[in-house]
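Written below as C-alpha cells is the structure these notes are about.
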Amino acid sequence: MKVIAAFFKLIRWPNLVFIILTQVLFEYCIYFRVFPPSMRYQNEQYQFFLLVAASICIAAAGYIINDYFDLNIDQINKPDKVVVNSIISRRWVILWHLLLSLAGLILTIVALPHKLYLPLIMANTISIFLLLLYSSTLKKRLLIGNVLISLLTAWVIAVIFFSKMNESFLQGKGDEILHVRFFRLTVLYAGFAFIISLIREVIKDMEDIEGDRKYECRTMPIVWGLNASKVFVAVWLSVLITILFILQLYVWQFDWWFSILYCTGLIIIPLIWVLKKLFTASSSKDFHELSTAVKMIMFTGILSMLFFLFYH
C-alpha cells in the first residue's frame, strides 16, 4: 500500500484530476453548448475520452521524470515529500516514465487515425520530449522553462479544440458564428491557463530558491533577484485582472449576474489579494501560500465553464 500511495503521489494525482476536469468541462460546457448535435460527428466521444486518457498519461510521465531529475533539489526544498529512491527506485521511475509516455502516444494515434490529425499527433509527441527536456535542462534556465510549462498547460484545452478540426469544420460548414464563438472561448480559457500558470511557476521558483541556488539553477529569482521577479509576477497579475474586469463589463450587457458575481468574488478579488500579498512575501512559507492561492484561483477559473450550461 505504501508503494501504491507513493506512486499516486509521484504522478501528482490531484493535478491529473484537474486536467480531466478541465477537458471534460471544456467538452461538455463549451463545445457541446456551442455546437448542436447536428453539427457534431460520429465517434466524437470515443475520440474525446481517448484524448483525455492520452493527456493524463503524458502529464503523469512528465511529473515522474521531473521528480527523477529533481531528486537532489527536492531533498533540500521538501525532504519530507521525496518519493524517488526513498520508496520507489530510480529504475522503476524511469520505467514508468517510458511506459506512460508510450501509452500517451499510442492513445493519441488511436484517437486521431485520420491524416488530417497528423500535426496534432506530432504536437503530443513533441510535448513528451519537451517535458523530458524541461525536467533535465530547461527548468534550470531563466524563464524558458516557465513559459514552456505555461504553454503545455494551455495545450490541455487547445488539444481538445484542435481535435474538432475535422473536414467539415475546416471547410466552415454550418454556422460560421458558432465556429468563431468556439475559437474565442478557446482563446479565453487557454489564455487564462497560460497566464495563471506562468504566474504560479515564477512564484514556485521563489519558493524553491534555496535548493535551486545550491544546484546552480538559473531561475528568475536567482538571476534577477526576488524584487524583480515580484515585479514580473505583478505585471502579469495586473494584466490578468484587467482582462477579467473588462470581460465582466462585456457580459454585463447580457445580464449574466451570477457569472459576474462568481468571477469577481472567486477570481478577481483573490487575484488582487495575491498581488497585495506578493510584495510582503519573503519566506518559503509565504510563497507556498501564494502558490496554493493561485492554484485555487486556477481551479475556480476553470469551473466558470459551468455557467455556459445556463447561459447560451
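Pairs meeting the criteria (first residue in region 105-128 and modelled with pLDDT under 95, second residue assigned to a helix (DSSP H, G or I) and acidic (D, E), beta carbons under 8 Å, at least 6 apart or on different chains) are L116/E167. For V17, all conditions in the list (1) in contact (Cβ under 8 Å) with a residue 60 or more places away in the chain; (2) assigned to a helix (DSSP H, G or I); (3) surrounded by fewer than 19 Cβ atoms within 10 Å (Cβ to Cβ) hold save one; what is the number of the exception? With respect to (1) in contact (Cβ under 8 Å) with a residue 60 or more places away in the chain; (2) assigned to a helix (DSSP H, G or I); (3) surrounded by fewer than 19 Cβ atoms within 10 Å (Cβ to Cβ), V17 is out only on (1).
Taking the criterion of being touching a residue at least 60 places away in the same chain (Cβ under 8 Å), surrounded by fewer than 21 Cβ atoms within 10 Å (Cβ to Cβ) and either β-branched (V, I, T) or closer than 19 Å to I203 by Cβ (or both), the residues of region 130-144 that qualify are K140, R141, L142, L143. Checking the stated criteria, S127 turns out to be touching a Phe, Trp or Tyr at 6+ places or on another chain (Cβ under 7 Å), under 21 Å from I58 (Cβ atoms) and surrounded by 14 or more Cβ atoms within 10 Å (Cβ to Cβ). As for region 83-91, it holds at least one residue that is farther than 21 Å from F18 by Cα, touching a strand residue (DSSP E or B) at 6+ places or on another chain (Cβ under 8 Å) and not hydroxyl-bearing (S, T, Y). Criterion applied to K276, K295 was being farther than 25 Å from N15 by Cα, charged (D, E, K, R) and at pLDDT 95 or above, and the one residue passing it is K276.
Check region 63-72 and report whether any residue there is closer than 28 Å to T22 by Cα, among the acidic types (D, E) and in contact (Cβ under 8 Å) with a residue 60 or more places away in the chain. So far as region 63-72 goes, yes, one or more of its residues are closer than 28 Å to T22 by Cα, among the acidic types (D, E) and in contact (Cβ under 8 Å) with a residue 60 or more places away in the chain. Residues in region 11-64 that are aromatic (F, W, Y) and under 22 Å from Y134 (Cβ atoms): W13, F18, Y63.
One residue is enough: does region 266-273 have a residue meeting the conditions modelled with pLDDT of 95 or more, touching a Ser or Thr at 6+ places or on another chain (Cβ under 6 Å) and either farther than 23 Å from F307 by Cα or not β-branched (V, I, T) (or both)? For region 266-273, residues modelled with pLDDT of 95 or more, touching a Ser or Thr at 6+ places or on another chain (Cβ under 6 Å) and either farther than 23 Å from F307 by Cα or not β-branched (V, I, T) (or both): present.
The values are calculated or read from the model by the stated rules, or taken from the named source; none is laboratory data. Just so we're clear, the structure is a prediction, and the values are computed from it rather than from any experiment. As a convention, Cβ positions derive from the backbone with ideal geometry for all residues, glycine included, and neighbour counts pool all protein chains shown.
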